Amino acid sequence: MKPLIAGNWKMHLNRADAAALAGELVRSLPAPLEYADVALFPPFPYIADVLGAVADSDIEVGAQNMHEADRGAFTGEVSGPMLLDVGATRVLVGHSERRHVFGESDGATNQKIKAALGHDIAPTLCVGEQLEEREAGQTEAVVERQLRAGLDGVSAERANTVTVAYEPVWAIGTGLTASPEQAGEVHAFIRGLLIDIWGDAGARVRILYGGSVKPANASALLKTPEIGGVLVGGASLTTNLFLPIIRAAE
Ligand code: PGA
């Protein structure tokens, strides 16, 4: 399977810059793009504009979060049907900023994963340990808890719609990257868990690495066994950083 290079724009850019960045990616990449899948996760208000800018390309567009209910009195939230309505086909679930800044629980990630799958929106479940947890030797326990809880009750038939992203919290936005060895160890552990949960179907799930991915480290990370792509924050906000990361998959 081709590696997935995903850009998480978080709460950055404005409408014009978001569309311009997406358009520049389309113009700079060959079509079809043989060596990678590319997905962009803009802020909610810009999803439609970004979709317009990538219309004639293979670039996919998703949301950074969604609510598990289809509709209701949930001020400030956005539902799966609303995402589908504007054309988003992917969603990030349980990003560490959702978990640690907004207090999202493992249970909530599970409901969101199930709701996304129910609407045929492809979820990316993000998991990862905090620095204290790594230092206390709890990395595997934390990742296992987040993964098993997030995927609880999801059948093997849906495995091919799910992506997992391992993002050590201490590496996000800090400039500290997990070394390919550190990332590879956790990716291998996650692969074992996915096979335990889903059998053969778990062997085919893409596992992305995220956390200070840059042009300088992308290629080594992408060559590491079990790393099936990268989830890029800061370096996805400009073409001069994001394009070389995409091309590192070649
Ligand atoms: P970063 O963010 O690349 O800026 O570290 C990654 C992420 O949070 O997905």
As a quick test, which of the pairs 2/114; 2/112; 114/223 have an alpha carbon distance above 29 angstrom in this structure? 114/223
Want the number for residue 131 to residue 203: 0.36 nm per residue separation, take away the alpha-carbon distance, what's left? 23.1 nm
Over the range 1-75, what number does the Rg to Rh ratio reach, with both radii from the alpha-carbon atoms and Rh per Kirkwood? 1.03
In debye, nearest 20: dipole of the chain around its Cα centre with unit charges on the Cβ of K, R (+) and D, E (-)? 280 debye
Net charge around residue 33, counting only other residues with Cβ within less than 14 Å of its Cβ (Lys, Arg = +1; Asp, Glu = -1)? -3
What's the magnitude of the charge dipole for the range 126-165 around its Cα centre, counting Lys and Arg as +1 and Asp and Glu as -1 at the beta-carbon? Answer in Debye, nearest 20. 200 debye
Lys/Arg Cβ at +1, Asp/Glu Cβ at -1, dipole of the range 4-248 taken about the Cα centre: which of 187, 163, 32 is farthest positive-ward? 32
Give me Rg/Rg_expected for the range 4-248, where Rg uses Cα atoms only and Rg_expected = 2.2 N^0.38 Å with N residues. 0.94
Can you give the net charge of the other residues whose Cβ lies under 15 Å from the Cβ of residue 248, counting K and R as +1 and D and E as -1? +1
Between residue 31 and residue 156, the FRET efficiency computed from the C-beta separation at R0 = 45 Å comes out, to the nearest 0.05, as 0.85
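Readers should treat all values here as calculations from the given coordinates under stated rules, not as data from a laboratory. Just so we're clear, the structure is a prediction, and the values are computed from it rather than from any experiment. Don't worry about glycine lacking a Cβ; one is built from the backbone with ideal geometry, like all the others, and counts go over all protein chains shown.
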